[in-house]
Amino acid sequence: RVLLASIPVRQSLWPQWNRISLSPKPRTIRAFDERVTAQIAGFDGAEDYYRRCSSGTQLSKLETPVTFLCDRHDPIVPSDMFSTW
């Protein structure tokens, strides 16, 4: 809801936001990223956006021990992505 509420302000500031179709309104963050974020930023879709913007590829370069805390039921960040590191 917060993301959708921000769109009118963004449309008034940046003309490219007026090309975004919100009918029907995206009901999930993934749907929002598919229809809005990826389109505005020039990605091929939400999966392309997530893959290219993920910091996951950089985790193997960490030199300091790190502990990741995540909820295995997180609807946005799948916890199994951390099992490979």
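What follows is calculated from the coordinates using simple rules that are stated; it is not laboratory data. Note that the structure is a prediction, hence the values are computed from the model and not measured. Note that we place each Cβ from the backbone using ideal geometry, even for glycine, and neighbour counts take in every protein chain shown.
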* Mean separation of Cα contacts under 8 Å (6+ apart) over length of the chain, as relative contact order % -> 15
* Principal axis dimensions, the chain - Cα atoms, whole angstrom, descending -> 45, 25, 20
* To do: Once you've got the GNM for the chain with C-alpha springs shorter than 10 Å, pick whichever of R51, R72, R35 has the biggest mean-square fluctuation.
  => R72
* Structure fact -> Note, M81: beta-carbon cut-off 12 Å, +1 each Lys/Arg, -1 each Asp/Glu, net 0
* Structure fact -> If R0 = 25 Å, then Q16 and R52, at their Cβ-Cβ distance, give a FRET efficiency to the nearest 0.05 of 0.80
* Report the local net charge at F43: Lys and Arg +1, Asp and Glu -1, summed over other residues whose C-beta lies under 10 Å from its C-beta. => -3
* Give the angle, between 0 and 90 degrees and rounded to the nearest 10, that separates the Cα long axis of helix 2-13 from the longest principal axis of the Cα atoms of the chain. => 50
